[in-house]
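Visitor: Handing you this structure, nothing more for now.
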Amino acid sequence: MPMLTISRGIYVIGGPEISYTYDAYSYMVKIGNEYVIIDAGTGLGFANMLSNILELGIDIRRNIRYVILTHCHVDHAGGAYMFYKLGLPIVMHEADAEAVRTGNTSRTASDMLNISFIPSPVTISLRKDKELNVNGSSITIIHTPGHTPGSISIYFQVFGKNIVAIGDLLGVLRKEWFSNGEEWRKSIEKILALDFDIVLSGHFYERKNPKEIFYSALEHGPTWIN
Ligand SMILES: [Zn+2]
Ligand SMILES: [Zn+2]
C-alpha cells in the first residue's frame, strides 16, 4: 500500500495496512529540507517502507537526518538494523538501547509477537531530555517512561503545526517489559503540558481532539497484560 500524508510534511511510511501486518506506524517528517524517521517497523515490511521513502524522491543518506526509535519493541524497532545498514544514525533512549543492541526477546516483545528481532547498533543513546538540531530547527526528545523504561516522545513543528509523536505511551503495560504505572502517569502529564495539534502514536494518529485521549487514559488508568 502506498504511504499516507497526514498533514503537509508528515508521511506515514509504514504500518499494518502500508508495509506489514505487524508493523507499528512509522512516520517520516519534513523539517526544513531534511527528514526524520520515527520508528522502523518490524523489519519484515522494510522493502515497502523503502519504496515509500523513495517515492518522495529523496536521497536517503543525504536527506534523512535521524531514525528515532520511540522504544525497543519489535513492531517499532525491529527494522532499525536495516536503516543502520543504509548508513542512517539510530537514536533512542539509553534505558531501551541495550534491548535493541542485544535483541533481548522478552524486552523487545519479540517472544510475545513471535517475530524475530535482528539486533542493531544504536548510534546515539540518550540519558535525558534532549534537543536535536535538524536543518536549523530543533526537535525535542522527551523521556516518557511507563510502557518501557526507555520510551520517548518527540515534540516538533512541521509547517506551523505542533506535533507530538508518542510511540506506545498510551499502550498496555507488562511486567516483562519493566513497565511502570506511576511513571506512565507522570509521562502522560508531561505530554499534556505541551501545546500540540497532532498526535502520532505507534498504533493510531489523531488530529481532532489531540488532548482528549490523554485525559481519558489518566481517568481510566493503565491496562496491565500478562
Ligand atoms: Zn507497538
Ligand atoms: Zn510497545
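The values are calculated or read from the model by the stated rules, or taken from the named source; none is laboratory data. Not measured: the values here are computed from a predicted model. Here the Cβ positions follow ideal geometry from the backbone for every residue, glycine too, while neighbour counts run over all protein chains shown.
Visitor: Could you give every pair whose Cβ atoms fall below 6 Å, whose first residue belongs to region 76-104 and is closer than 20 Å to residue 59 by Cβ, and whose second residue is part of a helix (DSSP H, G or I), counting only separations of at least 6 or pairs across chains?
Guide: Pairs that qualify, where the first residue is closer than 20 Å to residue 59 by Cβ and the partner is part of a helix (DSSP H, G or I), are 79/46; 82/46; 86/60; 87/61; 90/80; 90/84.
Visitor: Inside region 124-151, can you point out the residues that are part of a strand (DSSP E or B) and among the charged types (D, E, K, R)?
Guide: Narrowing region 124-151 to residues part of a strand (DSSP E or B): 124-126, 130-134, 137-143.
Passing the criteria: 130, 131.
Visitor: Those residues that are assigned to a strand (DSSP E or B) and near ligand 2 (Cβ under 10 Å from one of its atoms), I need them from region 152-172; list them, please.
Guide: From region 152-172, those assigned to a strand (DSSP E or B) are 152-158, 161-167; that's our starting set.
Across region 152-172, the qualifying residue is only 167.
Visitor: Among the numbered criteria (1) within 14 Å of ligand 2 (Cβ to nearest atom); (2) farther than 29 Å from residue 3 by Cβ; (3) out of contact with any helix residue (DSSP H, G or I) (no Cβ under 9 Å at 6 or more places or on another chain); (4) not in a loop (DSSP other than H, G, I, E, B), which one does residue 183 miss?
Guide: Residue 183 satisfies every listed condition except (1).
Visitor: Among the residues of region 64-111, write down those that are in contact with a Gly (Cβ under 7 Å, 6 or more places away or on another chain) and either surrounded by fewer than 19 Cβ atoms within 10 Å (Cβ to Cβ) or among the aliphatic types (A, V, I, L, M) (or both).
Guide: Of everything in region 64-111, those that are in contact with a Gly (Cβ under 7 Å, 6 or more places away or on another chain) and either surrounded by fewer than 19 Cβ atoms within 10 Å (Cβ to Cβ) or among the aliphatic types (A, V, I, L, M) (or both) turn out to be 82, 92, 94, 95, 97.
Visitor: Here is a list of conditions, (1) under 14 Å from the mean Cα position of the chain (by Cα); (2) within 16 Å of ligand 2 (Cβ to nearest atom); (3) of a type outside the set (A, V, I, L, M, F, W, C), and residue 140 meets all of them except one; can you say which number that is?
Guide: For residue 140, the exception is condition (2).
Visitor: Condition first: farther than 15 Å from residue 70 by Cβ and either more than 14 Å from ligand 1 (Cβ to nearest atom) or of a type in the set (S, T, N, Q) (or both). Now tell me which residues in region 14-28 satisfy that. Reasoning before the result, please.
Guide: At the first step, the residues of region 14-28 found to be farther than 15 Å from residue 70 by Cβ are 16-22.
Residues satisfying the conditions are 17, 18, 19, 21.
Visitor: Return the residue satisfying two criteria in turn: it lies in region 49-63 and is under 18 Å from the mean Cα position of the chain (by Cα) and surrounded by fewer than 24 Cβ atoms within 10 Å (Cβ to Cβ), and of such residues it is nearest to residue 109 (Cα to Cα).
Guide: Applying the first criterion (under 18 Å from the mean Cα position of the chain (by Cα)) to region 49-63 yields 49-50, 52-53.
With surrounded by fewer than 24 Cβ atoms within 10 Å (Cβ to Cβ) added as a condition, the list becomes 50, 52-53.
Numbers: 50: 24, 52: 26, 53: 27 Å.
The residue in question is 50.
Visitor: Further question: Show me the helices (runs of 4 or more DSSP H) found entirely inside region 1-84 where at least 3 residues are closer than 26 Å to residue 196 by Cα, at pLDDT below 95 and in contact with a Cys (Cβ under 9 Å, 6 or more places away or on another chain). Break it down stepwise before answering.
Guide: Values: elements: 46-55, 60-63, 74-77.
Ranges flagged: none.
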